[in-house]
1. Mind telling me which of 308, 390, 20 comes out most flexible in a GNM of the chain, alpha-carbon contacts under 10 Å?
2. According to the square roots a ≥ b ≥ c of the eigenvalues of the Cα gyration tensor, what is the shape class of region 363-416, taking rounded for a/c under 1.5, prolate for a/b larger than b/c otherwise, and oblate for the remainder?
3. What is the gain in length, in nm to one decimal, between residue 172 and residue 335 on full extension, counting 0.36 nm per residue of separation less the C-alpha to C-alpha distance?
4. Can you sort 342, 251, 223 by 1.4 Å-probe accessible area, starting with the largest?
5. Compute a Gaussian network model of the chain, connecting alpha carbons closer than 10 Å, and tell me which residue from 276, 295, 145 fluctuates the most.
6. By how many nm would the segment from residue 273 to residue 111 grow when fully extended, if each residue of separation counts as 0.36 nm and the alpha-carbon distance is taken off?
7. At 7 Å along Cα-to-Cβ for each site, give me the label-to-label distance between residue 182 and residue 80 in nm.
8. Which cross-chain or sequence-distant (5 or more) residues have an amide H under 5 Å from the amide H of residue 241, H modelled 1.01 Å from N in plane?
Amino acid sequence: MTNDSKPTPTGLALLGCGTVGTGVLRLLQHKDGLKVRAIAVSDVHKDRGAEVDSDLVGEDIDSIIQRDDVSIVVEVMGGIEPARTAIRNALNSGKHVVTANKALLAQHGAELFACAHKNGVELMFEAAVAGGIPVVRALRESLTGDRVEGFHGIINGTSNFVLTQMSEFGATFDDAVAEAQALGYAEADPAADVDGHDAAQKLQLLMYLGFGLSLEQQVRDIRGIRALTPLDFRHSEAFGYRVKPLAVARRNADGVAAWVGPALVPMGHMLANIGGVYNACFLHSEGLGALLLSGRGAGMMPTAVSVVGDIIECARKQRGTKGRAPMEGTVRSEVLANMDERQRIFYLRFTVVDEPGVLGRLASSLGSFGVSIERLVQEEPGGKEHTEIVVLTHLTKQTALKAALNDIDASDFTLAETLWLPVEDPDS
Ligand code: NAP
Ligand code: HSE
């Protein structure tokens, strides 16, 4: 324990400080309970800006892993070696490991998961599949009580970004790939993305979790997106489809049918509308039915969110934290805001007598409480003695709205309690 009796922060070693590693450091700035003790890179002389403490940076991966003050090793270097040896050494030294490296896990996962098991430590990999989308956690935890029947996903952000740039903005293939690289989406060699291998590695990890398929069984039916031209987008759309870079696995009587490649998806399907760097995992399981998880599938911060989530899970294990309460020092404490004071737009439906002057009285009551009308529609009476008036307000405080509705609902021209609904745009 430190002097002010806070628990000693959990020590981390970061192997790699590129796109993902830098995002991880950024998120960890706000997590008192976790402290990076050392960072391994391939070029110690590279300028990494003020975000990276140069005193922590070194090249000797093994001595960094073996430090006594490090209990979690975070591998965000990529590639097979030295990542494979580093992870194996860390696990054998009793350290938990978090990795984003799907290429390594798809090829050597069986050995590395066995090593973690033997040493009683975690090897976590949420960021290895679909960037910031918690699909590994969904399969490993939430859906374990169900039987997964099928998976349809867009799990390569670069390919989806490239196809979107080409089909919607007329970009060339090469320009779109260069942009994906500049945005930090692409693998060190972007051929892994556009030729389908990255998606196949991720699909293998998903099938391991969802179908218990051994990692030794490699997906063979893999196609990339290089051959597509604007003509394909145009004609697919004319037929009612959109071209999407899919990864598919379906449970069949003779085994799991798995393939990766661009395919025509019906325009009305949710997957057809997942564009840019967004990924989507569309799962079918026996009890639950369809489940769609979607979000940013590549890039610095979305991927870092998954890495740091795994780090915190390991830290909880290491500290013996029980239950689901947030780990101390990892969640910023908030208070509930007063809803009455929030400004929102409201939809109102008044049921009133159909008589001259009612509309004026209604509008003047709203105005007297400071509720301003943006739009107003009166329904055709259609022979009834009452009518319905629908209003969309400007931004209004809920207190003002409720006061106005109390007044209107108590009046002699109102026949039923007024319905009010807030307008809520999740993207604003
Ligand atoms: P990156 O930007 O190329 O960064 C790689 C980092 O690892 C660099 O800091 C590099 O050092 C270091 N490194 C490479 N080889 C090393 C070695 N032999 N010894 C020590 N350090 C070494 O790669 P990234 O995009 O962050 O990707 C990292 C991993 O995350 C990969 O496994 C990738 O598949 C995975 N991933 C990436 C994304 C994404 O959107 N980028 C999303 C999900 C998963 P220098 O800085 O000195 O060159
Ligand atoms: N290169 C990968 C992609 C990174 O584009 O999806 C995320 O795994």
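The values are calculated or read from the model by the stated rules, or taken from the named source; none is laboratory data. Only a predicted model underlies this, so the values are computations on that prediction, with no experimental measurement involved. Here the Cβ is made from the backbone with ideal geometry for all residues, glycine too, and neighbour counts use every protein chain on show. The protein model used for the area step is the full one, side chains on, heavy atoms only, and it has no ligands, DNA or RNA in it. Shrake-Rupley method; radii C 1.70, N 1.55, O 1.52, S 1.80 Å.
1. 390
2. Cα axes put region 363-416 in the oblate bin.
3. 53.8 nm
4. 223, 342, 251
5. 145
6. Stretched fully, the residue 273-residue 111 segment lengthens by 54.5 nm.
7. Going by the 7 Å Cα→Cβ label model, 3.3 nm.
8. Long-range HN contacts for residue 241: 267.
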